Amino acid sequence: MKISKAVEILLKIHEEFGDLEISGGALTDETPLRHVTVIDTEGRELWPCDPLPVSGQRQINGVFLD
């Protein structure tokens, strides 16, 4: 992923969720950055997919890079 695309995605996340921690992920020469997601404390993806309706509010864990 190009730096410009990663910055664009991170700015979208910042607008929607605020200043989150980057809470996980792994980047190596063999596995470059392909996805940026927001996950909850149970490891479920909240963004970019539409969250499923759940009772109560999900607690955001942070941004995951992979």
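The values are calculated or read from the model by the stated rules, or taken from the named source; none is laboratory data. This one's a predicted model, so the numbers in the text were calculated from it and none came from an experiment. Note: ideal-geometry Cβ built from the backbone for every residue, glycine included; neighbour counts use all protein chains shown. The accessibility values were calculated without ligands, DNA or RNA, using every heavy atom of the protein model including side chains. Shrake-Rupley method; radii C 1.70, N 1.55, O 1.52, S 1.80 Å.
Sort R44, R58 from largest to smallest accessible area, using a 1.4 Å probe on the heavy atoms of the protein chains. Don't jump to the answer; show the numbers that get you there.
Values: R44 90, R58 45 Å².
Putting R44, R58 in descending order of accessible area: R44, R58.
Once the convex hull of the alpha carbons of the chain is built, what does its volume come to per residue, in cubic angstrom?
89
Helix 3-17 axis versus longest C-alpha principal axis of the chain: approximately 10°, rounded to the nearest ten.
Annotation: extensible slack from M1 through T28 equals 8.4 nm (criterion: 0.36 nm per residue apart, minus Cα-Cα distance). Rounded to the nearest 0.05, the FRET efficiency derived from the C-beta distance between R44 and L10 at R0 = 22 Å is 0.65. Per-residue surface analysis assigns V7 an accessible area of about 70 Å², computed on protein heavy atoms at 1.4 Å probe radius.
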